[in-house]
1. Quickly run through the range 305-342 and pick out the residues that are surrounded by fewer than 16 Cβ atoms within 10 Å (Cβ to Cβ) and either assigned to a helix (DSSP H, G or I) or assigned by TED's automatic domain parsing to the domain that holds ARG215 (or both).
2. Return yes or no: is ALA216 buried (at least 23 other Cβ atoms within 10 Å of the Cβ), without any contact (Cβ under 8 Å) to a residue 40 or more places away in the chain and either in contact with a strand residue (DSSP E or B) (Cβ under 9 Å, 6 or more places away or on another chain) or not assigned by TED's automatic domain parsing to the domain that holds ILE55 (or both)?
3. Could you tell me whether any residue of the range 265-281 is farther than 20 Å from GLY309 by Cα, of a type outside the set (Phe, Trp, Tyr) and surrounded by 17 or more Cβ atoms within 10 Å (Cβ to Cβ)?
4. Somewhere in the range 16-25, is a residue surrounded by 17 or more Cβ atoms within 10 Å (Cβ to Cβ), among the charged types (D, E, K, R) and at negative phi?
5. Can you find, within the range 91-133, the residue that is farthest from SER148 (Cα to Cα) among those that are in contact with a Cys (Cβ under 6 Å, 6 or more places away or on another chain) and touching a residue at least 40 places away in the same chain (Cβ under 8 Å)?
6. Helices (runs of 4 or more DSSP H) wholly in the range 1-102 with at least 1 residues that are in the same structural domain as ILE131 (by TED's automatic domain parsing) and aliphatic (A, V, I, L, M) - which ones?
7. Show me the helices (runs of 4 or more DSSP H) found entirely inside the range 126-202 where at least 2 residues are more than 30 Å from ALA258 (Cα to Cα).
Amino acid sequence: MKESVSLYRAYRPQSFADVLGQEHITRTLEEAVSAGKVGHAYLFSGSRGLGKTSIARILAKAIGCTDQDLYEIDAASNNSVDDIRTISDNVYTLPFESQYKVYLMDEVHMLSKNAWNAFLKTLEEPPKHAIFILATTEIEKVPETVQSRCQIFEFKKPTRKSLIKMVIDVAKKEGVTLAPDAADLIAMLAEGSYRDALSVLQKVLTSASKKTFSRAEVEVATGAPKREQIHAFVHALALGERDKALITITQVVKSGVAIKLFLELTLETLRFILLIRYAPDLRASLIEEIGTDEFSELEVFAKLTANTGITHGTLLAFLTATERIRYAPIPALPLELAVLELFPD
């Protein structure tokens, strides 16, 4: 792997067929291009790392726009009235070598109110050779008057399963094998972003010159909490050992692991335990998702706490703790309070 090129750039989709998880968008755009019915303004909305910019570039390429006639503008740093007026003035000049001039404007929600007002007329009646593709992570900040002038496409977050498949496939292309639970952890750390999944994978692959990576090695490379810490905490909860649960939280904090991530992994583990206990028909799909070894260990917890210990109330207590972490002056405090509430004197 060439360190000078990030995995995200190296594996950026080059055609509609390469795009993952956004078939509802790529299919519509392909049909529009084939029918010669390309719109003059598009609004791509969705969280970071879903492929908004990549699809915009692919669309520009599909309609024959060359790099010389593709203008990429960061609206976060070009958000004044003067910036927009410059664009509005230049849009009327003919393309250099293409049929179209495509303006890709990223983070458009950052435009000022006056900039939007200056942009409206151009957006409503652009010259025939101009196409605007606006991208945003916060569509609610885009004025309704602008939205009404665009074809809006909502980008979907990938499923955990699709992220796992992607990182395994990319790792294989890089000559590396990821253990299933290692790929699962990378997918979780990505928080629903294709780009972040590849960034995490790159961090893992550059951490050591190896051909195979286990979950434990991914934990070390990313600073994620160790599975042993999660299991120790869950074991303490299962047996009602309040002191051991609190000690584990303290050890996690001292290890430098983000308490929010520890809580997220704990919640996931508790969820799996309850599913193993109450939904035996899901056994095969759960084994596929978390692996045989992890399933076997969690199955022990499920049986150990058949009547007490870990219940839906446990899951609810820690789910509430996740809401409180954002505002807590001490990040570990909501987690500690959840333990004390579950096991009062």
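The values are calculated or read from the model by the stated rules, or taken from the named source; none is laboratory data. Worth saying up front: this structure is predicted, and the values here are computed from it rather than measured. Don't worry about glycine lacking a Cβ; one is built from the backbone with ideal geometry, like all the others, and counts go over all protein chains shown.
1. HIS312, GLY313, LEU316, LEU319, THR320, GLU323, ARG324, LEU333, LEU337, LEU340, GLU341, listed by residue number.
2. No; evaluated as a whole, the condition is false for this residue.
3. Checked against the condition, which is being farther than 20 Å from GLY309 by Cα, of a type outside the set (Phe, Trp, Tyr) and surrounded by 17 or more Cβ atoms within 10 Å (Cβ to Cβ), the range 265-281 yields no hits at all.
4. no
5. TYR100
6. Once the helices (runs of 4 or more DSSP H) in the range 1-102 are filtered for at least 1 residues that are in the same structural domain as ILE131 (by TED's automatic domain parsing) and aliphatic (A, V, I, L, M), what remains is 23-35, 52-62, 81-90.
7. 144-147
Table: residues versus (1) among the basic types (Lys, Arg); (2) modelled with pLDDT of 90 or more; (3) surrounded by 19 or more Cβ atoms within 10 Å (Cβ to Cβ).
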| residue | (1), (2), (3) |
| --- | --- |
| PRO158 | no, no, yes |
| ILE168 | no, yes, yes |
| PRO180 | no, no, no |
| GLU191 | no, no, no |
| THR212 | no, yes, no |
| ARG227 | yes, no, no |
| ARG242 | yes, yes, no |
| THR248 | no, yes, yes |
